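Down below is the structure, laid out as C-alpha coordinates.
The values are calculated or read from the model by the stated rules, or taken from the named source; none is laboratory data. All values derive from a computational prediction rather than experimental measurement. So basically every Cβ, Gly included, is an ideal-geometry build from the backbone, and we count neighbours across all protein chains shown.
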Amino acid sequence: MLHTQRSTGAAAGFSLVELLLAFGLGLSLVALLLQAVMAEGQNGQRLARVLRERQLADRALALLRSDLQRATVVASSAGPVGEAAACSLAGRAVLLHLETPAGPITYSAGRAPEPIWRGTVLMRCGPAFGLDGTPSSGKPLNRVLLDGLAADGAQVVLQAPGALRVELHQVLPVAAHRLQSVRHRRLLPMPSSV
(Lines give C-alpha, C1' and ligand atoms only; values in the text may rest on other atoms or scores of the structure.)
Protein backbone atom coordinates (compact mmCIF):
# COMPACT_ATOMS: atom_id res chain seq x y z
CA MET A 1 0.00 0.00 0.00
CA LEU A 2 1.24 3.39 -0.95
CA HIS A 3 1.36 6.07 1.55
CA THR A 4 0.94 9.70 0.43
CA GLN A 5 2.05 12.60 2.49
CA ARG A 6 0.14 15.81 2.67
CA SER A 7 2.04 19.08 2.88
CA THR A 8 1.23 21.15 5.85
CA GLY A 9 2.31 24.47 4.20
CA ALA A 10 0.15 26.99 2.36
CA ALA A 11 -1.00 26.25 -1.15
CA ALA A 12 1.04 27.79 -3.96
CA GLY A 13 -0.46 30.78 -5.90
CA PHE A 14 -2.77 33.65 -5.05
CA SER A 15 -6.20 33.60 -3.62
CA LEU A 16 -9.17 35.17 -5.39
CA VAL A 17 -9.24 38.07 -2.92
CA GLU A 18 -5.55 38.81 -3.53
CA LEU A 19 -6.04 38.76 -7.28
CA LEU A 20 -9.01 41.10 -7.06
CA LEU A 21 -7.07 43.53 -4.83
CA ALA A 22 -4.09 43.54 -7.23
CA PHE A 23 -6.41 44.04 -10.21
CA GLY A 24 -8.20 46.94 -8.44
CA LEU A 25 -4.90 48.65 -7.54
CA GLY A 26 -3.60 48.26 -11.08
CA LEU A 27 -6.82 49.63 -12.54
CA SER A 28 -6.68 52.62 -10.16
CA LEU A 29 -3.09 53.35 -11.21
CA VAL A 30 -4.02 53.18 -14.91
CA ALA A 31 -6.99 55.52 -14.28
CA LEU A 32 -4.74 58.06 -12.51
CA LEU A 33 -2.19 57.96 -15.33
CA LEU A 34 -4.93 58.35 -17.95
CA GLN A 35 -6.37 61.32 -16.07
CA ALA A 36 -2.90 62.94 -15.89
CA VAL A 37 -2.38 62.44 -19.64
CA MET A 38 -5.79 63.96 -20.42
CA ALA A 39 -5.11 66.96 -18.16
CA GLU A 40 -1.78 67.48 -19.92
CA GLY A 41 -3.54 67.37 -23.28
CA GLN A 42 -6.02 70.02 -22.13
CA ASN A 43 -3.16 72.21 -20.90
CA GLY A 44 -1.51 71.81 -24.29
CA GLN A 45 -4.73 72.85 -26.04
CA ARG A 46 -5.03 75.93 -23.81
CA LEU A 47 -1.42 76.88 -24.50
CA ALA A 48 -1.91 76.40 -28.25
CA ARG A 49 -5.03 78.62 -28.12
CA VAL A 50 -3.17 81.36 -26.22
CA LEU A 51 -0.28 81.24 -28.71
CA ARG A 52 -2.67 81.37 -31.68
CA GLU A 53 -4.60 84.33 -30.19
CA ARG A 54 -1.32 86.11 -29.40
CA GLN A 55 -0.21 85.68 -33.01
CA LEU A 56 -3.50 87.10 -34.28
CA ALA A 57 -3.27 90.01 -31.83
CA ASP A 58 0.35 90.64 -32.83
CA ARG A 59 -0.71 90.79 -36.50
CA ALA A 60 -3.50 93.25 -35.67
CA LEU A 61 -1.13 95.40 -33.60
CA ALA A 62 1.51 95.31 -36.35
CA LEU A 63 -1.11 96.56 -38.81
CA LEU A 64 -2.12 99.30 -36.39
CA ARG A 65 1.57 100.26 -35.96
CA SER A 66 2.12 100.49 -39.73
CA ASP A 67 -1.08 102.54 -40.17
CA LEU A 68 0.03 104.80 -37.34
CA GLN A 69 3.42 105.39 -38.98
CA ARG A 70 1.69 106.56 -42.19
CA ALA A 71 -0.73 108.86 -40.33
CA THR A 72 -0.68 112.63 -40.62
CA VAL A 73 -3.49 113.15 -38.07
CA VAL A 74 -4.25 110.94 -35.05
CA ALA A 75 -7.43 111.19 -32.97
CA SER A 76 -8.68 108.81 -30.30
CA SER A 77 -12.21 108.30 -28.94
CA ALA A 78 -15.59 109.01 -30.48
CA GLY A 79 -17.35 112.26 -31.19
CA PRO A 80 -16.95 113.92 -34.57
CA VAL A 81 -14.47 111.18 -35.50
CA GLY A 82 -17.34 108.78 -36.18
CA GLU A 83 -18.54 111.03 -39.00
CA ALA A 84 -15.09 110.97 -40.63
CA ALA A 85 -15.04 107.16 -40.83
CA ALA A 86 -15.18 105.88 -44.38
CA CYS A 87 -17.24 102.80 -43.41
CA SER A 88 -20.38 102.26 -41.40
CA LEU A 89 -19.55 101.74 -37.73
CA ALA A 90 -22.92 100.05 -37.01
CA GLY A 91 -22.90 101.26 -33.41
CA ARG A 92 -19.30 100.26 -32.68
CA ALA A 93 -17.20 102.65 -30.59
CA VAL A 94 -14.33 104.46 -32.31
CA LEU A 95 -11.00 103.64 -30.70
CA LEU A 96 -8.68 105.47 -33.07
CA HIS A 97 -9.04 107.53 -36.21
CA LEU A 98 -6.11 108.19 -38.53
CA GLU A 99 -5.82 110.44 -41.55
CA THR A 100 -3.29 109.03 -44.02
CA PRO A 101 -2.29 109.95 -47.58
CA ALA A 102 -4.18 106.85 -48.79
CA GLY A 103 -7.36 107.86 -46.95
CA PRO A 104 -8.92 107.75 -43.48
CA ILE A 105 -8.49 104.69 -41.27
CA THR A 106 -10.77 104.03 -38.30
CA TYR A 107 -10.30 101.36 -35.66
CA SER A 108 -13.47 100.49 -33.76
CA ALA A 109 -14.70 97.93 -31.23
CA GLY A 110 -18.18 96.60 -30.65
CA ARG A 111 -20.77 94.13 -31.83
CA ALA A 112 -19.67 91.70 -34.52
CA PRO A 113 -21.03 92.27 -38.04
CA GLU A 114 -21.74 88.54 -38.52
CA PRO A 115 -22.60 85.74 -36.06
CA ILE A 116 -19.46 83.77 -37.03
CA TRP A 117 -17.35 86.07 -34.85
CA ARG A 118 -17.03 85.55 -31.09
CA GLY A 119 -18.05 88.34 -28.71
CA THR A 120 -16.88 91.90 -29.23
CA VAL A 121 -14.64 92.51 -32.26
CA LEU A 122 -11.83 94.90 -33.17
CA MET A 123 -12.39 96.27 -36.68
CA ARG A 124 -10.38 98.33 -39.15
CA CYS A 125 -12.06 100.52 -41.74
CA GLY A 126 -9.67 101.87 -44.32
CA PRO A 127 -7.94 101.35 -47.63
CA ALA A 128 -7.18 97.79 -48.67
CA PHE A 129 -3.66 96.70 -49.49
CA GLY A 130 -2.34 95.95 -52.95
CA LEU A 131 -0.15 93.02 -53.94
CA ASP A 132 2.93 95.11 -53.20
CA GLY A 133 1.81 95.61 -49.56
CA THR A 134 0.99 99.29 -49.84
CA PRO A 135 -2.46 100.82 -49.28
CA SER A 136 -4.52 101.03 -52.46
CA SER A 137 -6.63 103.97 -53.51
CA GLY A 138 -9.79 101.90 -53.95
CA LYS A 139 -12.93 101.77 -51.87
CA PRO A 140 -12.25 101.43 -48.11
CA LEU A 141 -12.95 98.05 -46.53
CA ASN A 142 -14.32 97.21 -43.08
CA ARG A 143 -12.55 94.11 -41.72
CA VAL A 144 -12.54 92.21 -38.42
CA LEU A 145 -9.00 92.04 -37.03
CA LEU A 146 -9.63 90.26 -33.74
CA ASP A 147 -12.66 88.68 -32.09
CA GLY A 148 -13.48 87.25 -28.69
CA LEU A 149 -12.87 90.55 -26.90
CA ALA A 150 -14.50 91.28 -23.57
CA ALA A 151 -17.29 93.89 -23.63
CA ASP A 152 -14.80 96.63 -22.73
CA GLY A 153 -11.80 94.68 -24.00
CA ALA A 154 -10.25 97.26 -26.34
CA GLN A 155 -8.67 100.54 -25.30
CA VAL A 156 -6.47 102.96 -27.18
CA VAL A 157 -5.07 105.88 -25.19
CA LEU A 158 -2.85 108.71 -26.41
CA GLN A 159 -0.04 109.09 -23.91
CA ALA A 160 2.61 111.73 -23.52
CA PRO A 161 5.27 111.94 -24.81
CA GLY A 162 4.37 110.69 -28.26
CA ALA A 163 3.12 107.19 -27.49
CA LEU A 164 -0.08 105.30 -28.02
CA ARG A 165 -1.06 102.64 -25.45
CA VAL A 166 -3.16 99.79 -26.85
CA GLU A 167 -4.77 97.18 -24.57
CA LEU A 168 -6.81 94.23 -25.81
CA HIS A 169 -8.55 91.73 -23.52
CA GLN A 170 -9.94 88.52 -24.99
CA VAL A 171 -12.22 86.11 -23.14
CA LEU A 172 -12.32 82.73 -24.85
CA PRO A 173 -14.39 79.63 -24.04
CA VAL A 174 -12.22 76.70 -22.90
CA ALA A 175 -14.75 74.09 -21.83
CA ALA A 176 -18.35 74.03 -20.68
CA HIS A 177 -18.91 77.16 -18.58
CA ARG A 178 -15.17 77.92 -18.34
CA LEU A 179 -13.44 80.93 -19.88
CA GLN A 180 -9.80 81.80 -20.50
CA SER A 181 -8.57 85.38 -20.34
CA VAL A 182 -5.83 86.59 -22.72
CA ARG A 183 -4.46 90.15 -22.47
CA HIS A 184 -2.36 92.01 -25.02
CA ARG A 185 -0.64 95.34 -24.23
CA ARG A 186 1.56 97.44 -26.48
CA LEU A 187 3.05 100.91 -26.36
CA LEU A 188 3.32 102.20 -29.93
CA PRO A 189 5.42 105.23 -30.86
CA MET A 190 3.63 108.11 -32.55
CA PRO A 191 4.96 109.26 -35.93
CA SER A 192 7.12 112.38 -35.82
CA SER A 193 4.89 114.03 -38.46
CA VAL A 194 1.88 114.17 -36.08
Legend entry - Tally, over region 113-145, of residues that are in contact (Cβ under 8 Å) with a residue 40 or more places away in the chain and more than 30 Å from residue 179 (Cβ to Cβ): 4
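Identify the residue in region 99-148 that is among the acidic types (Asp, Glu) and part of a loop (DSSP other than H, G, I, E, B) and, among all such residues, is modelled with the lowest pLDDT.
Within region 99-148, the match that is modelled with the lowest pLDDT is 132.
Yes/no per residue for (1) exposed (fewer than 11 other Cβ atoms within 10 Å of the Cβ); (2) at pLDDT below 85; (3) aliphatic (A, V, I, L, M); (4) in contact with a helix residue (DSSP H, G or I) (Cβ under 6 Å, 6 or more places away or on another chain):
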site: 33; (1), (2), (3), (4): yes, no, yes, no
site: 40; (1), (2), (3), (4): yes, no, no, no
site: 57; (1), (2), (3), (4): no, no, yes, no
site: 71; (1), (2), (3), (4): no, no, yes, no
site: 78; (1), (2), (3), (4): no, yes, yes, no
Inset, instruction - Could you check, for region 84-96, whether at least one of its residues is part of a strand (DSSP E or B) and more than 18 Å from residue 61 (Cβ to Cβ)? - result: yes
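I need a count of the residues in region 146-166 that are surrounded by 15 or more Cβ atoms within 10 Å (Cβ to Cβ) and more than 10 Å from the chain's Cα centre (by Cα).
Pass one, region 146-166, residues surrounded by 15 or more Cβ atoms within 10 Å (Cβ to Cβ): 146-150, 153-154, 156, 158, 164, 166.
Now narrow it down to the ones that are more than 10 Å from the chain's Cα centre (by Cα): 150, 153-154, 156, 158, 164, 166.
So the count comes out to 7.
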Inset, instruction - Could you tell me whether any residue of region 151-171 is touching a Pro at 6+ places or on another chain (Cβ under 6 Å) and either at pLDDT below 85 or farther than 15 Å from residue 67 by Cα (or both)? - result: no
Legend entry - Filtered residue count, region 180-194, keeping only those that are modelled with pLDDT of 85 or more and either in contact with a helix residue (DSSP H, G or I) (Cβ under 9 Å, 6 or more places away or on another chain) or over 16 Å from residue 165 (Cβ atoms) (or both): 6
